[in-house]
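**Student:** Mind looking over this structure? Questions follow.
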Amino acid sequence: MTETDYGIEVHDLQKQFKDGPKAVDGVSLAVAPGEIYGFLGPNGAGKSTTVLILTTLLPPDGGHATVQGFDVVKQGAKVRESIGAALQEAALDPMLTGREHMRLQTALQGLPRSTRRSRGDELLERMGLTDAADRRVNGYSGGMKRRLDLALALVHDPRVLFLDEPTTGLDPQSRTDLWQEVSRLAREAGVTVFLTTQYLEEADVLADHIGIINHGRMVAEGTPEALKAEIGRPTLEVVPTDPVDCERFSDVLTRFGPPASTAKPSAVAVHLDDGADALAAVIRAIDAESLRMDTFQVHNPTLDDVFLAKTGESFAKDDQGAAAAFEDESLRPAEAPA
């Protein structure tokens, strides 16, 4: 696949804010057309900074990036024509209605007058907002605001869509509805989607490929299945009937693999070196020690396991560093040359 075949192409991207470490330190990645790319990382890892650069809202200090074949520095106007973006904070006017937002956005995007109303109505219907179209946004729920923000990002039929934590704060049903729409855009309309998310489940469900960034550097990349396969070994977790027996259980279980982390204070867990094939031997060893247990569970590798293995950290809620820095007027870029 050549560079022009990619929806997004990034080589050695660099960004450093004043008086701080590099927010983005040599990031390279490629996203194919029609692919959903999940971009994960702990708090402050550089996710939002990368998105701001790729959407031309921040200039890079080094490296090279193209979106839909256009250079993000030299061809900023062309990039913006090609993309839609729904970032962490929805840019909505609380005093306007949903329909008024659509009219404004279709005009700003230069749609012909004859198609503006129909395009706005089409997107409001697709997002399930027809009944609320003539209500002011200050009366919308969080889920409705996020769906309206996504509709606005799609007005000009972009070929690349950037979603920066689009489902933060949504209830489960609203989150599922948005997942279905994002999946439809990629599968049916061929839209390239670059998704940062605070929900590992979201990345596992939606993403074709996943990249993990930590301290500004890429630490892992691949399909969700391939990344989980790298971790490989399933985890066995046992909760003793008597918490006093935790140490004895640990002595037995560590014969079959190294200790694993567990969220339960009275549990003992190990990564099984021989996988599920070892379970019969484990049970025999526990019986031989006359130990009793309340639960005996085997967990297959998850993205949580991948994330912990690659970053050494728990998955954080959000990436505030870039947003905070961007609010500093001195850090905002001048218009990139077209």
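**Student:** Which one of these is assigned by TED's automatic domain parsing to the domain that holds THR196 and touching a strand residue (DSSP E or B) at 6+ places or on another chain (Cβ under 8 Å): GLY69, GLY46, GLY20?
**Tutor:** Within the list GLY69, GLY46, GLY20, the selection yields GLY46.
**Student:** Would you mind finding the one in ASP131, ASP204 that is part of a helix (DSSP H, G or I) and at pLDDT 95 or above?
**Tutor:** Among ASP131, ASP204, only ASP131 is part of a helix (DSSP H, G or I) and at pLDDT 95 or above.
**Student:** Would you mind telling me which numbered condition in (1) among the aliphatic types (A, V, I, L, M); (2) farther than 20 Å from GLY44 by Cβ; (3) in contact (Cβ under 8 Å) with a residue 40 or more places away in the chain VAL219 fails?
**Tutor:** Here VAL219 meets the rest and fails (2).
**Student:** Determine whether LEU178 is aliphatic (A, V, I, L, M), buried (at least 18 other Cβ atoms within 10 Å of the Cβ) and in contact with a strand residue (DSSP E or B) (Cβ under 6 Å, 6 or more places away or on another chain).
**Tutor:** No: the conditions fail for LEU178.
**Student:** How many residues are among the small types (Gly, Ala, Ser), free of Cβ contacts under 8 Å to residues at least 60 places away in the same chain and out of contact with any helix residue (DSSP H, G or I) (no Cβ under 8 Å at 6 or more places or on another chain) if we restrict to the range 142-198?
**Tutor:** The qualifying residues number 1.
**Student:** Surrounded by fewer than 18 Cβ atoms within 10 Å (Cβ to Cβ) and of a type outside the set (A, V, I, L, M): which single residue out of ARG147, ARG135 fits that description?
**Tutor:** Checking each option against the conditions leaves just ARG135.
**Student:** Sticking with this structure for a sec: When the residues of the range 237-247 are narrowed to those that are in contact with a strand residue (DSSP E or B) (Cβ under 9 Å, 6 or more places away or on another chain) and either of a type outside the set (A, V, I, L, M, F, W, C) or assigned by TED's automatic domain parsing to the domain that holds VAL205 (or both), which ends up surrounded by the fewest Cβ atoms within 10 Å (Cβ to Cβ)?
**Tutor:** GLU247
**Student:** Listed residues LEU206, LEU195, LEU253; which is crowded, with 18+ Cβ neighbours inside 10 Å, among the aliphatic types (A, V, I, L, M), over 17 Å from VAL31 (Cα atoms) and out of contact with any Lys or Arg (no Cβ under 7 Å at 6 or more places or on another chain)?
**Tutor:** The match here is LEU253.
**Student:** For ALA229, which of the numbered conditions (1) surrounded by 13 or more Cβ atoms within 10 Å (Cβ to Cβ); (2) small (Gly, Ala, Ser); (3) in contact (Cβ under 8 Å) with a residue 40 or more places away in the chain fails to hold?
**Tutor:** Exception for ALA229: condition (1).
**Student:** Further, regarding this structure: When you check PRO234 against the structure, is it over 32 Å from the mean Cα position of the chain (by Cα) and not charged (D, E, K, R), yes or no?
**Tutor:** So PRO234 does not fit the description; no.
**Student:** Test ALA336 against the criterion of being part of a loop (DSSP other than H, G, I, E, B) and either modelled with pLDDT of 75 or more or not assigned by TED's automatic domain parsing to the domain that holds LYS18 (or both), and give yes or no.
**Tutor:** So ALA336 passes the test.
Here is a yes/no grid of residues against (1) within 21 Å of the chain's Cα centre (by Cα); (2) polar (S, T, N, Q); (3) over 21 Å from LEU178 (Cβ atoms):
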| position | (1), (2), (3) |
| --- | --- |
| THR56 | yes, yes, yes |
| PHE70 | no, no, yes |
| ARG117 | no, no, yes |
| ASP131 | no, no, no |
| ASP134 | no, no, yes |
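**Student:** For the range 64-84: of the residues being in a loop (DSSP other than H, G, I, E, B) and polar (S, T, N, Q), which is farthest from THR192 (Cα to Cα)?
**Tutor:** Residue satisfying both the conditions and the ranking: GLN75.
**Student:** Further question on the same structure: LEU170 versus (1) over 24 Å from PHE70 (Cβ atoms); (2) of a type outside the set (S, T, N, Q); (3) in a helix (DSSP H, G or I): which is the lone unmet condition?
**Tutor:** Against the list (1) over 24 Å from PHE70 (Cβ atoms); (2) of a type outside the set (S, T, N, Q); (3) in a helix (DSSP H, G or I), LEU170 comes up short only on (3).
The values are calculated or read from the model by the stated rules, or taken from the named source; none is laboratory data. Just so we're clear, the structure is a prediction, and the values are computed from it rather than from any experiment. Neighbour counts are summed over all protein chains in view; Cβ atoms, including those assigned to glycine, are modelled from backbone coordinates with ideal geometry.
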